[in-house]
Amino acid sequence: MIMAERYASGEKTEIGSYLFTAERIVRFAERFDPQLFHMDAEAAKATLFGGLCASGWHTCAAWMKTFVAYWSAECARLTGEGIKPPKLGPSPGFQKLQWLRPVFAGEEVTYSVTFLSSRPLASHPGRRLNTIVCEGAIADGAPVIRFESTVIEFE
């Protein structure tokens, strides 16, 4: 099955949520983004953000974590229905990454993916390039992250 046959252009799908606890924020920051406002709740109060907030890269990593879990479950579901799921490969990249608002300790982000388009790769017969919009928002609907991504599909 080709993704373009399964998902309509503009179709938005919720893929899961991730709770940004203070412990998770600090643990990620210690390893990958050791800035004060990601590592020390008290010191973060005196920064531009006014409190402990997640690294933007953490919000990206959490999107990927939720997508992988979602896609695994979706493939199992399709297989259970007797439908061959699309085979997704690596992403050749993303663009237009926007961190729209800080994610503070205790906030949960719900992530989504919107299928935009699919086209065959002339240089690789049997492969397609799918374009998706990846987003995340907190409970009140305020968007926190948005980017466009491409993913290779193998027929």
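Within the option set 27, 6, being surrounded by 13 or more Cβ atoms within 10 Å (Cβ to Cβ) and farther than 22 Å from residue 107 by Cα holds for one residue only, 6.
Listed here are the residues, each with its yes/no results for (1) farther than 21 Å from residue 49 by Cα; (2) surrounded by 11 or more Cβ atoms within 10 Å (Cβ to Cβ); (3) charged (D, E, K, R).
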site: 65; (1), (2), (3): yes, yes, yes
site: 69; (1), (2), (3): yes, yes, no
site: 86; (1), (2), (3): yes, yes, no
site: 97; (1), (2), (3): no, yes, no
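For the stretch 5-21, a residue qualifies if it is among the polar types (S, T, N, Q) and outside any strand (DSSP E or B), and the qualifying residues are 9, 21. Cβ-Cβ contacts under 9 Å between residues 6 or more apart (or on different chains), taken from a first residue in the stretch 66-93 that is within 18 Å of residue 14 (Cβ to Cβ) to a second residue that is loosely packed, with under 11 Cβ neighbours inside 10 Å and of a type outside the set (S, T, N, Q), are listed as 78/84.
Conditions (1) touching a Phe, Trp or Tyr at 6+ places or on another chain (Cβ under 9 Å); (2) modelled with pLDDT of 95 or more; (3) assigned to a strand (DSSP E or B); (4) exposed (fewer than 14 other Cβ atoms within 10 Å of the Cβ), marked per residue:
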position: 90; (1), (2), (3), (4): no, no, no, yes
position: 102; (1), (2), (3), (4): yes, yes, no, no
position: 109; (1), (2), (3), (4): yes, yes, yes, no
position: 129; (1), (2), (3), (4): no, no, yes, no
position: 133; (1), (2), (3), (4): yes, yes, yes, no
position: 141; (1), (2), (3), (4): no, yes, no, yes
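The values are calculated or read from the model by the stated rules, or taken from the named source; none is laboratory data. Predicted model, so just to flag it, every value in this text is computed and none were measured. Cβ atoms come from the backbone with ideal geometry, glycine included; neighbour counts cover every protein chain shown.
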